[in-house]
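First comes the structure, then the notes that go with it.
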Amino acid sequence: MSADALTKLYVELTTACNLDCVMCVRRTWRDEGYGPMDWALYQRLIEQLRAFPTPPVIHFGGYGEPMTYPRFLEAIELAKSIGARVEMTTNGTLLTPDMAQALIDLDVDKIMVSIDGVSPEVYGDIRVHSDFKKVIGNFVELFRRKVSQRGRGLHKPIVGIAFVAMKRNIADLPRLPQLAHFIGASEIKVSNVVPYYPQLADEILYDRALYSLAYRSSPAIPDMSLPKMNLDDATYPALKEVFDSTVSLSWKQSSLNRYNDYCEFTQQGYAVIRRDGAVAPCLELMRDHTVYLLGRPQHVTHYTLGDVSQQSLRDIWESPEYSDFRRRVREFPYSPCLTCGGCERFEENFQDCNENNVFPVCGRCPWAQGFVQCP
Ligand code: SF4
Ligand code: SF4
Ligand code: SF4
């Protein structure tokens, strides 16, 4: 596969959702309609994927619940018909026993379920209109069916848990492994919350981490390489002090700053299809929105590179503009706005203090500095 291959496509089947989670960007939308992708547009998209040497992974995700899509199972079937690996992120509320069976039968590869609390109270406070016990029951049933039909072991659909960490739910983190065992999940992916409205800024768990030298790299900062050791009462106070001191940290060979200035979307060859067919390079640039960090609003203006209802995805992906954009973001020449916030340019993504940079500038992106990660 070429170094610049399209490897994964996030497809936003719908912007509709049956929940109203506290951290969802949809809460801040004004003019955006809520609804499904046109079926003919989806068919056209899948047909276009045949032009790629290898079909990308299709991940049903974006901002909406994919299982509310009226032709959801047909959409999976069509994606599978071109040989694509199929994944999704879901809130899990609509995973009925019949749906679970259909996903097994369709050989869906992976399901990430969003669970942000390990008690009905914490979960219910975040996932508004959901029912913790029902969601857990849905995944236990999927697990039971996989075991009874395919035996013990890691069988498709592989299940993972996506957890958005905030002050209100971080105490539940240690109970996630037990929950993962209970529902047969083999992966837990924790992200930080993106504060899309001012009150959410009080929920973030990385205000100090934004500046922490432990995560930085500079010739002026010594690097401390730690071995594997206990994390217990004997080591914790010393390690915490080291973490807050003036060294950058590595754990064995793995530096905590290894993924600074690293955009997974451009480095790994991902793209996003909005439900109206627009092609965005990442989830962050799909739509206009505001993020409240460092006590200030940042108005992020969307950036799209074409529309699959007008052009083929391969032409869009290989266009000079999109290729140049990916190359630029991989080089990451941007000013460190996320940890600076020192001038008015911080408040938009049009320009930074590297005068050569053109819209959109990515120096303020929390994804590229490892604070936010996608399922
Ligand atoms: S389930 Fe996802 S799309 Fe729906 S409200 Fe929650 S975060 Fe938003
Ligand atoms: S443009 Fe430069 S000065 Fe302004 S916030 Fe970004 S890094 Fe700081
Ligand atoms: S750095 Fe952030 S805003 Fe820029 S392309 Fe990557 S994810 Fe998108």
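Every number in this text was worked out from the coordinates using simple rules, so none of it is lab data. Computed from a predicted structure; not experimentally measured. Quick reminder, even Gly has a Cβ in these numbers, built from the backbone with ideal geometry, and neighbours come from all protein chains shown.
Points worth noting:
- Scalar couplings 3J(HN,Hα) for the stretch 358-374, obtained by applying the Karplus form with A = 6.51, B = -1.76, C = 1.60 to θ = phi - 60°, are 10, 4, x, 9, 10, x, 9, 7, x, 5, 6, 10, x, 8, 10, 9, 8 Hz; x denotes Gly and Pro.
- When the Cα gyration tensor is reduced to axis lengths a ≥ b ≥ c, the ratio a/c is 1.5 or higher for the chain, and with a/b not above b/c it is classed as oblate.
- Taking C337, C17, C353 in turn, the Gaussian network model of the chain (Cα-Cα springs below 10 Å) assigns the largest fluctuation to C353.
- Using the rule -39500 (n - 2.57) for each DSSP H run of four or more residues, divided by the residues of the chain, the 222 nm mean residue ellipticity is -7500 deg cm²/dmol.
- Inter-part distance where the stretch 171-186 and the stretch 31-96 are each reduced to a Cα centre, Å: 28
- The stretch 99-138 and the stretch 220-256: distance between their alpha carbon centers, rounded to Å: 36
- Residues whose amide H falls under 5 Å from that of E65, counting only those 5 or more places apart or on a different chain, are A16, C17, N18, with hydrogens built in the peptide plane.
- Percent of alpha-carbon pairs separated by more than 23 Å within the stretch 120-216: 38
- Using only side-chain charges placed at the Cβ, +1 for Lys and Arg and -1 for Asp and Glu, the dipole size of the chain relative to its Cα centre rounds to 1020 debye.
- Couplings 3J(HN,Hα) of the stretch 52-64, computed from phi: 8, x, 10, x, x, 4, 9, 10, 6, x, x, 10, x Hz, in residue order, whole Hz [Karplus 6.51 cos²θ - 1.76 cosθ + 1.60, θ = phi - 60°; x for Gly and Pro].
- Pairs of Lys residues in the chain, spaced 8 or more positions apart or belonging to different chains, with C-alpha separations under 18 angstrom: 13 in total.
- Counted charge near E347, where neighbours are those whose Cβ lies closer than 10 Å (Asp, Glu -1; Lys, Arg +1): +1
- Candidates S254, S212, S323: whichever shows maximal mean-square fluctuation once the chain is modelled as a Gaussian network with Cα springs under 10 Å: S254
- Kirkwood Rh, Cα atoms: Rg over Rh of the stretch 197-346: 1.06
- For I115, I273, I158, I126, the sequence from fewest to most other C-beta atoms within 10 Å is I158, I126, I273, I115.
- For L226, residues with placed amide H under 5 Å, excluding near neighbours: S250, W251, K252
- Phi to ³J(HN,Hα) by Karplus 6.51 cos²θ - 1.76 cosθ + 1.60 over the stretch 334-348, Hz, x for Gly, Pro: 7, 5, x, 4, 5, 9, 10, x, x, 9, 5, 5, 4, 7, 9
- For the chain, a Gaussian network of Cα nodes joined below 10 Å ranks S130, S312, S250 by mean-square fluctuation, and the top entry is S250.
- Proximity of backbone amide H atoms, modeled 1.01 Å from N, is registered between E187 and I161 at under 5 Å, excluding neighbours fewer than 5 places apart on the same chain.
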